[in-house]
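In what follows, a structure is listed as structure tokens, so that the remarks can point back to it.
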Amino acid sequence: MSTFRRFALVFGLAAIAAALLVPSTAVGKNIGGCPEGGSDKWDLVTVESLGVPPEDQSGLASLDGNGDGWTCIKPLPPFGEGAFVFRDNTVGSA
């Protein structure tokens with residue numbers, strides 16, 4: 001095995017090990033809020049409280065794209081009780 005290949009292999013393994021040891025800062029940490037002002041009233045709620053099955057949550061990036069377990073909802077009264085639109089709580093996030 002050439003020196004370059006050995007170096008590439010060791011470097012690659014070290015990078016993978018480092019990535020596994022460093023947790024993501026977005027997961028489990030509330031990093032933003034909901035829009036304010038105007039006629040829109042957004043409420044910050046847990047994703048779990050919406051009753052969306054976990055297998056459906058992963059395909060909805062706007063539901064909890066930052067992975068903190070929180071999202072913003074706005075009721076849509078014209079469509080009946082329980083109708084709402086959602087967006088992730090990213091307002092004011094760094």
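The values are calculated or read from the model by the stated rules, or taken from the named source; none is laboratory data. A quick note: this is a predicted structure, and the numbers were derived from the prediction, not measured. For neighbour counting, all protein chains shown are included, and Cβ atoms are generated from backbone atoms with ideal geometry for every residue, glycine included. Calculation scope for accessible area: heavy atoms of the full protein, side chains included, ligands and nucleic acids excluded. Shrake-Rupley method; radii C 1.70, N 1.55, O 1.52, S 1.80 Å.
Run the quick spin-label model on LEU50 and THR3: label points 7 Å from Cα toward the beta carbon, then report their separation in nm to one decimal.
5.6 nm
Can you list residues whose amide H is under 5 Å from VAL85's amide H, if they're 5+ apart or on another chain and H is modeled 1.01 Å from N?
Residues meeting the amide H criterion: LYS74, LEU76.
For region 72-87, in order, what is each residue's ³J(HN,Hα) by Karplus, 6.51 cos²θ - 1.76 cosθ + 1.60 with θ = phi - 60°, in whole Hz (x at glycine and Pro)?
10, 10, 10, x, 10, x, x, 9, x, 4, x, 7, 7, 10, 10, 8
Please work out how much accessible surface LYS41 shows to a 1.4 Å probe, ignoring ligands, DNA and RNA, in Å² rounded to 10.
Only protein atoms counted, so the area is about 130 Å².
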